[in-house]
1. How much net charge surrounds C:ILE371 when only the other residues with a Cβ under 11 Å from the Cβ of C:ILE371 are counted, with Lys and Arg +1 and Asp and Glu -1?
2. Nothing charged except the Cβ atoms of Lys and Arg (+1) and of Asp and Glu (-1): what's the magnitude of the dipole of chain A about its Cα centre? Round to the nearest 20 debye.
3. So for chain C, taking the charge dipole from beta-carbon charges (+1 Lys/Arg, -1 Asp/Glu), which of C:THR577, C:ALA200, C:VAL383 sits furthest toward the positive end?
4. When you take every Cα atom in segment B:252-291, what is the radius of gyration, and what is Dmax, the widest Cα pair distance, in Å?
5. So if I place +1 on the C-beta of Lys and Arg and -1 on the C-beta of Asp and Glu, and nothing else carries charge, what would the dipole magnitude of the protein assembly as shown be about its Cα centre? I want it in debye, nearest 20.
6. Assuming a viscosity of 1.567 mPa s and a temperature of 4 °C, what translational diffusion coefficient in µm² per second does Stokes-Einstein assign to segment C:166-246, Rh being the Kirkwood radius over Cα pairs?
7. Can you tell me what the convex hull of the Cα atoms of segment C:445-518 projects to on average, as an area in nm²?
8. Calculate the all-directions average of the projected area of segment C:505-573's alpha-carbon convex hull, and give it in nm².
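Coordinate-derived values only; no laboratory data. Quick caveat: nothing in here was measured; it's all calculated off a predicted structure. Reconstructed Cβ throughout: ideal geometry from the backbone, glycine too, with neighbour counts over all protein chains shown.
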Amino acid sequence: MSALELKGLTVSYGKGRRVMTAVDNVDLTIPSGGFLGLVGESGSGKSSLGRAVAGLAPVTSGQILVDGAPLARRSLFGRTAQPVQMIFQDPSGSLDPRMTVGASIAEGVAAGGARGGRADRSAEVRRLLELVSLDPRHATSLPSRLSGGQRQRVALARALASAPSLLVADEITSALDVSVQGSVLNVVREAVATLNITTLFISHNLAVVTAMCDEIAVMYAGRIVEKAPTAELVSRPRHPYTRALLDAVPSLRRPAPRADAKVLDTEPPDPFHLPAGCPFNPRCPAGPGVHADRQICTERRPQFVELNARHLAACHFPGAVTHDTVERSAHANASLPT
Amino acid sequence: MTATTAPAAPRGLTSRGPVNPWVRFLARRLFRFAASLLGLMVMAFVLIQLIPGDPARNSLGITASAQSVAQRRVELGLDKSLLDQFGHFVGGVFTGDLGTSFNLGLPVSEIIGQRWAETARLAVLAFLLAVVVAVPLGAAIAAATSGGRRRFLDMAFTSVTGLAYSIPGFLLAVGLSYVFAVRMKLLPIAGTDTVSGYVLPVIALAVGPAAALARIVRLETLRVLGEDFVRTARSKRLPTLRVFLRHVIPNTLTPTLSMGGLMLGGLLAGTILVETIFVLPGLGSTLTQSVTTKDYPMVQALVLVTGGAVLLINLVVDMLIAVADPRSTILEG
Amino acid sequence: MTRRRLPAFLRTPLGISGAAGVAVLAVIAVVAPILFEDQATTGKVADAQLPPSAEYWLGTDSLGRDVFARVLVATRLSLELSLAATALCVVAGVVIGVLPVVLGRRLGRLVTAVVDFAVAFPGLLLALFLIVIFGAGSSGAVLAVGLSGAPFFARLTHTLASGIAQRDYIAASRMLRVGPVRLLVRHFLPNVAEPIVLNATIIFASVLQAFAALSFLGLGVQPPSYDWGQLFNEGLARIYVNPGQALGAAAAIVFAGLSFSALGEALSHAAGRRSGQGRRKTESAATAVSPAAERDEFAETSARLRVSGLRVEVLPEGTAESFEAVREVSFEIEAGESVGIVGESGSGKSLTASAIAGLLPTGAYATAGRIDFGGRDLRPLTVSQRAKALGTSISMVFQDPMTALNPSMRVGAQLAEVVQVHEGADRKSAMARAVGRLGQVRIPAPARRARQFPHEMSGGMRQRAVIGIGVMGSPQLIIADEPTTALDVTVQRQVLDLLEQVRADNDASLMLISHDLGVVAQRCQRALVMYGGTIVEELTTDMLRETAAHPYTRALLDCVPEVMSEPGGHLVTIPGTPPEPSAMSEGCPFAARCVSADDRCRSERPRLEAQGRAGHRVACWYPQVMVKADTLVGPGGGGA
């Protein structure tokens, strides 16, 4: 178990005129043993952030600290597995189709620095399969014999095999049917809690994230726009984008809310040409598209400020979504009482 | 969007940068063409250097006198330093001086000047024949057999094209000339003094590539028929022919064009055998003779000419694809 | 695995003939030099230049040697040389193909560029130039032919390897800091081996041809050695005296070429099928439900769309056995109604929709039942009859907007052609209508967008354009098959709002297919829940939470995650996995995962029967009346 800290993390692709900043100067902390959900839409940079933490995407600038120490860059000839492991979205690509489930997991066990013979290793593989609620007899199966949900659990077992202190889970159930999604998510949460692993859980589905995580960060256009404990974020979202995401979750319990006609049809931004000021402003129901006097949104980028002890948001008019009776000046943001 | 893949293709109205993508595409492509030409020159030059032993001695044989070998060394420029040789070679390429043929004693450029047209005529005629036969055939067969219908037709097509493709061009050439020229005396055995002289060589040259092209066109057409947008077109209840002409065929163009480019290049190679069999004075038969008799300057020049032709074909094909497929120029940049 | 797979390609005539031909060649190559060496190398001068006869099947050559024996004996050398050249070709190709990965970016790019150029260069030309270096003769020809094919394999290897490098399992191994050697040996090689071997078989035929050509030109095998090409060359010189030799050699060359390419083709077909389609054999299940009874039930209604007893069979490509993916589906949709079809993958919901629209994919057939729309059964109609009967009255919206539009056609033209074809509108007025409709589906700057190609638009915009196509005419039924699955949640809402607006504007009915019960609950008046190819429950969406009676519906309701203010708590899941459509049991399709299933459920399929309130039908022997999902007990008792 370790704490994860991102300081000014930036990930960009391409060069020259065609540069795209997928993750833009992000500060984020997950306490040791914490379970943070990262929500956003495609192109928001959430996957890039996750991959950077796992050492799979190039860090353009900034730092990734594990327990205060910078994460060692990936070296081709490193001896042991890195402390951060990751599970991916696509169950068909996450396991080598030519390797048995047991061999895939054993690769992780060996990389975890475990000593011991073949028997020890296969005992460990059995233990891991049981940990993810799979029949240990699956060890001799090829991935093609398993269902999508089972493969994702094998992927989890392999990630856990090297005894990581941090786990990144990137959209691990979005390719699965809803009836089996829970079988993967439950196993992730139980295993992570048992082993006390700090977890970054990435998903586009806010409902899944609220069910899984203690704390949620919302990402838009490469930046974190809001971060709060789950209960707080759900009951008192402060950023209009968070509110939009919450409304967009299809629910059995309430009718579909109507979107604001004035910003109804605006598109997600082009990652190569982000709007000036707050990148959400053209789509914002609390922004200049609806309120003509809020020109500051198109001019200045809002700072990520603390609204209370654990609730941060990057908005010039936080909380203005539900009740916009009080016009707040951008300068007063930092000192606003909640 | 996942972070590992390259940034998504630009979209929206703002995606066009200040430079027209067409200009950028052309500039890139021409630069690549020039670089490849340079590479080709290096290759042609290196070819002679790589010949084990003494090329001069090789070309003259063991019985040649030391004096004539020394003379040939001078002819080949082998007495100079490597850098000088290369400089001389490149200079020669630009002034059209590619050396003198050992066999014919004539400037290589002159021989090529006389003979390239014959080869080009053969290749282009065979290309046109193949395209005219194969493209409609492949598309029609695909349309008729899509969705597992008319299994028999499908199998007949596969067998015929498989057979046509498996018969080497030179066997076909010999067979055709034996049957139609030697036995039936319908067409000339050799030479292209009359138009009818082209019939057999062109057919012999075209059959194999046509079979391959017809198969590719069929596969591509079947692939496109399975695409979502064809389903969309069907959902509009358009007449089948319109679906085919407006939605299917245009989208098979890109792979068909690339295949066509490769095929034209392949036809250049095919002329080697066909020209030899029908005794036609083209670059192909010249190449065979030059390789057999170790006429190095001639071989070197032919590397340049055929290689240049292949590069040119590639360039033209890329341009055509860029015109045919609106996505390609943008994706390139 | 390889062993189990062999029969697949041997089952086709192509595979059998190819394999048999190759086997024959192999036997001849081994046996012929032992048996016929004498006849082939020593001849009687007296017998020189004989035409074919009973003694000498193909006659004799100028030295009186038996040509037939020579052709047979030449098999070994011909195959050996081709094999050597193919091996060289593959090895050199794989090494060069891996280079770009090893060398790093700049050098790697150079190698790739050279390979790209060499691939475009015709093989025979390349071989001839290489012969200049290596010299004429067997070994020179092997080197020349082998190396001239190397660029092809280099490119193949490169493409395959870079494809694998993108896969997540490579990333996973990198995170485990698996060393490069192990990465290569355990992950890359096993995954590229199969396509490489496959292509080697195909290339072998070309190599054989190239050899024959070189020997024919006098640049390959030199006398006194002889292969087929050389025999042909010799035979050609004496074709007027004895055509036997040329014919025999030519026949051998063609036979070998055909055998190897047939084998290669059969192998790659088998491989393609494996990666493309599902596996396992199918058991098709018989049902006792009578379609006639189903039909009577609806006899009196005047629904806009009425589907009764619909069955869809799927015949996976290359297999002989079909399976039923949609079984006895009956429902109706009234004018102006929105009906949702909910189900997981393999439930048959999309096939049902496609069958109604007449757009079933290749290999799927609607085999029984009626699809009544506008007073006519659509099922037996041909494409053109259907076009005439329907015109623009059924419109479709598909799942993936990125692929649903023709990439080589401007968006406006794709809308305009609908009215050009169906109403005979001229180009200009059709285009004007298209621009108007793009505006109606709320695409900003529609005139400019109409001139764009699909790739210049975002996914949300494209989906609007697809909806725009649907409203070019006068739709009475809009079938939307997972229209928002590929879109972001915020865009999803926009598109669903738009669909509802378009439905209302045209007074059309909407059939919304979705895997998401939440979407259907929010957007539709009625829901049809599908599982294992059948409708297991039909009810109004306001009944969903309270009165749903099928154990599957109830369980699914509990699986849908809601936004919670407190994390934790066990997420509900249904044990097991959805059934393979190809391996359906005779009983209730949900029996294997159902808590209250008994022997009856496993052996006898329940019919969709009216249940309690109007508009509620359930196909279950023990419909649930409890509200709580965690105490799933049917009134009939779970035990047997």
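1. Local net charge: +2.
2. Numbers: 36 positive and 30 negative charges, 146 e Å.
About 700 debye.
3. C:ALA200
4. When restricted to the Cα atoms of segment B:252-291, Rg and Dmax are 13.1, 40 Å.
5. 1120
6. Numbers: Rh = 16.4 Å.
In µm²/s, the coefficient rounds to 79.
7. Orientation-averaged projected area of the Cα hull: 5.4 nm².
8. 6.1
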